[in-house]
């Protein structure tokens with residue numbers, strides 16, 4: 001069975017989505033975690049050297065997963081239309097990179113983000129998924145985040161997508177996934 005990219009039945013334009021749709025997205029996201037992690041495990045195991053890798057939610061499993069993820073981050077050329085759209089919404093003139101992550105990479109990042117979060121939850125059971133719908137200016141408005149770190153929630157999907165961009169730019173390596181876990185684990189232990 002080949003890897004099936006995640007297909008959210010939502011626009012993911014969080015600030016434009018009605019609250020009822022955002023709540024449905026949150027419920028859908030949570031319902032997908034177990035099967036997405038199982039699919040990620042199957043995909044990782046297609047690499048001969050990781051044929052025995054288990055998504056056992058252990059911190060150690062993140063080291064091998066990070067190394068695997070580095071080898072699977074891919075980019076594609078942005079279209080001129082995409083560059084125009086990004087430029088149009090930017091309030092300041094910025095240079096727009098010509099490269100964008102592929103849909104498969106975004107999907108893998110979402111899966112790895114779910115796994116990172118569930119690994120944190122396995123080690124720190126007080127962590128919980130939450131969705132903030134009060135302030136549209138909140139950076140993670142409408143998105144599933146983990147809380148239990150004090151004032152700052154963790155958006156694991158966003159953080160792994162950011163990691164993927166860093167990998168694509170050759171500014172980050174696979175060890176960063178475990179480092180992210182270690183940082184957030186220390187934060188969770190404080191509260």
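The values are calculated or read from the model by the stated rules, or taken from the named source; none is laboratory data. None of the values given here were measured: they were computed from a predicted structure. Note: ideal-geometry Cβ built from the backbone for every residue, glycine included; neighbour counts use all protein chains shown.
Please note which helices (runs of 4 or more DSSP H) are completely contained in segment 1-110 and include at least 2 residues that are touching a helix residue (DSSP H, G or I) at 6+ places or on another chain (Cβ under 7 Å) and in contact (Cβ under 8 Å) with a residue 24 or more places away in the chain.
It comes to 19-45, 59-70.
Tell me which residues, restricted to segment 1-52, are surrounded by fewer than 10 Cβ atoms within 10 Å (Cβ to Cβ), at pLDDT below 95 and more than 15 Å from the chain's Cα centre (by Cα).
Within segment 1-52, 1, 2, 9, 13 meet the criteria.
Residue-wise test of (1) surrounded by 16 or more Cβ atoms within 10 Å (Cβ to Cβ); (2) farther than 22 Å from residue 184 by Cβ.
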residue	(1), (2)
67	yes, no
83	no, yes
95	no, yes
130	no, no
139	no, no
